[in-house]
Amino acid sequence: MVKHNTDTNGIGYEWEYAKVKDDRTIWQKIIMGIYNPSSHEFLGRSAKSWGGILLFYAVFYSSLACMFAICMKVLLSTLNDNTPHFTLSSSLIGTNPGLGFRPMSPNVEDGSLIYYAADNATNVEAWTTELDKFLAVYKNKTLLPDKGNNQQKCGYNMPPQKDKGLRGQPG
């Protein structure tokens, strides 16, 4: 309702709803913001509004989970458990892959660089013991796959036998 205001110049209006005083304390305002018993609203929304929001997100995330499951199923169906899909020249690495080495340094923070001082006997001995520990598996044939039957003795004067393929099988 609009009421005419008689100012000194006679111009102006005032609205009664703008002059409403709120006598509530801050805690009463917070509690009314959480739950308003007169309108039955929780955090400013009715039960129907909350139901619509919850239904939307339930459908949205369920469909998102189904799409993720379908993508994973399609991806995993293309993989072979026994052999890689891309090998040698058909892979990104190509026929010249990089270099890997063992044993790793005991101090991984130092990086992959192996260095030692030849005049420091303890330093040289530390690396030789690491190498011996790594090669211990190859000295005990029972610990190897196929009990070591797939291995060949090779050297500078004794190249690998051409008639034996992978795992000691011909060809």
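The values are calculated or read from the model by the stated rules, or taken from the named source; none is laboratory data. Since the structure is predicted, the reported quantities are computational estimates derived from the model, not experimental observations. As a convention, Cβ positions derive from the backbone with ideal geometry for all residues, glycine included, and neighbour counts pool all protein chains shown. All accessible areas refer to the heavy atoms of the entire protein, side chains included, with ligands and DNA or RNA removed. Shrake-Rupley method; radii C 1.70, N 1.55, O 1.52, S 1.80 Å.
Out of LYS3, LYS29, LYS73, LYS21, which single residue is outside any loop (DSSP other than H, G, I, E, B) and modelled with pLDDT under 75? The unique qualifying residue is LYS3. Every test in (1) in a helix (DSSP H, G or I); (2) surrounded by fewer than 10 Cβ atoms within 10 Å (Cβ to Cβ) is passed by THR83 save one, and that test is (1). Within region 39-90, the set of residues being of a type in the set (D, E, K, R) and in contact with a helix residue (DSSP H, G or I) (Cβ under 8 Å, 6 or more places away or on another chain) comprises just one member, ARG45. The number of residues in region 137-157 that are more than 21 Å from PHE101 (Cα to Cα) and either acidic (Asp, Glu) or part of a helix (DSSP H, G or I) (or both) comes to 5. Would you check if there is a residue in region 44-65 being assigned to a loop (DSSP other than H, G, I, E, B) and surrounded by 10 or more Cβ atoms within 10 Å (Cβ to Cβ)? Yes, region 44-65 contains a residue that is assigned to a loop (DSSP other than H, G, I, E, B) and surrounded by 10 or more Cβ atoms within 10 Å (Cβ to Cβ). Of all the numbered requirements in (1) closer than 30 Å to GLN151 by Cβ; (2) in a loop (DSSP other than H, G, I, E, B); (3) open to solvent by less than 90 Å² (accessible area, probe 1.4 Å), PHE134 misses one, and that requirement is (2).
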